[in-house]
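Working notes, structure below.
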Amino acid sequence: MLGRMIEARHLRVLRAVTRTGSFSAAARELGCTQPAVSQQMKALEAAAGTPLLVRTGREMRPTEAGEALVRHATGILAGLTAAEEEVAALAGLRAGRVRLVSFPSGSSTLVPTAVAAMRAAHPGTRVSLVEAEPPRSVEMLRAGECEIALAFRYDPVPGEHVPAEDWEADDLVVRPLLTDRLVGLVPEGHPFADAAEVGIGTLAEEPWIAGCPRCRRHLVQVCEAAGFTPRIDFATDDYPAVVGLVGAGLGVAVLPELAVESVRPRGTRAVRVAPAVQREVVALTLPDLARVPAVAAMLDRLAAARG
């Protein structure tokens, strides 16, 4: 039996130290001082009655007891957040917050419409946004760093397995938002610029501009299924950079339609590719958080954002 009561703030500190590997890095993440982190860890170890951290070289690592406490901390903190937000919601959503994490093309297309509708309906609810690609966004949700994560997952390529690093949703509430088809992007004046549809195999000899690591991996799989390995000359997570490189005649690309909507595709033409390639875009949250009215209302706004 623990000697003293464990406080939620101590669990947040333990989780930050475990994630960052040091008191000073945890202090920067939490916006407090290194002595404050050290003091709270001492209080938590006193409450636990056993060491929770051990220094290995220049890094702090959790002991077996520390690992056990971190494992339980996510659920405990998510439950506390749910309780706090439900209480605030009793006043008719005049208070509360929803923290969103979204991938960039979702941030520029789905999120603005949804947040504007949420603010109009519930002006007292604070909505914030940070950007992260999945699976990092899903990790942030499970770590209690947000209430809703926007994520996407590509349809599997025949003969390929979904990699282990892709997110799994067995423990999450999944709200489907849309199916986002990928389109080819070629320079103006390209032989296929006016084509209604292009077989991806006909682009086998083209230089390619690829996107984020997950998108790049999927591009390679799709091309290999069509019988060739793409020659990737440029790789960038920045969609305007992809458009600029294609527009300059330096290669071709395949982008989600949401991404094309989020930039000005100057100097390029979008064409349909065959076979059709698409990704599923969803909003994810934890089961406890899904019952929080502010979170439920934000999920509804996201689902309606595409009209």
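Key figures
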| read-out | value |
| --- | --- |
| Gyration tensor (alpha-carbon) shape descriptor, region 35-75, a/c threshold 1.5 | oblate |
| Intensity falloff of region 58-140 expressed as log10 I(q)/I(0), Debye formula with alpha-carbon point scatterers, at q = 0.18 Å⁻¹ | -0.93 |
| Relative contact order, percent, region 70-160 [alpha-carbon distance under 8 Å, six or more residues apart] | 34 |
| Accessible surface of the chain, 1.4 Å probe, proportion on carbon and sulfur as whole % | 53 |
| Amide H contacts of ASP233 (H built 1.01 Å from N, under 5 Å, at least 5 apart or other chain) | TRP208 |
| Among ARG97, ARG19, ARG136, residue whose mean-square fluctuation peaks in a GNM of the chain (springs only between Cα atoms under 10 Å) | ARG19 |
| Percent RCO, i.e. relative contact order, over region 179-239, from Cα pairs under 8 Å lying at least 6 residues apart | 34 |
| Option label - Rg/Rh (Cα atoms, Kirkwood Rh) computed here, alternatives [x] 1.05; [y] 1.09; [z] 0.95 | [x] |
| Note, ³J(HN,Hα) from phi for region 15-29, Karplus 6.51, -1.76, 1.60, rounded to Hz, x at Gly and Pro | 5, 5, 5, 4, 6, 8, x, 7, 5, 5, 5, 5, 4, 4, 5 |
| Along each principal axis, Cα extent of region 102-193, largest first, Å | 54, 35, 19 |
| Gaussian network model of the chain, springs between alpha carbon atoms under 10 Å - residue of GLU206, GLU131, GLU145 with greatest fluctuation | GLU206 |
| Contact order normalised by residue count of the chain, Cα under 8 Å, 6+ apart, percent | 22 |
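The values are calculated or read from the model by the stated rules, or taken from the named source; none is laboratory data. In this text, all values refer to a predicted model and were calculated from it rather than measured experimentally. Side chains are part of the model used for accessible areas, which takes the heavy atoms of the whole protein and leaves out ligands, DNA and RNA. Shrake-Rupley method; radii C 1.70, N 1.55, O 1.52, S 1.80 Å.
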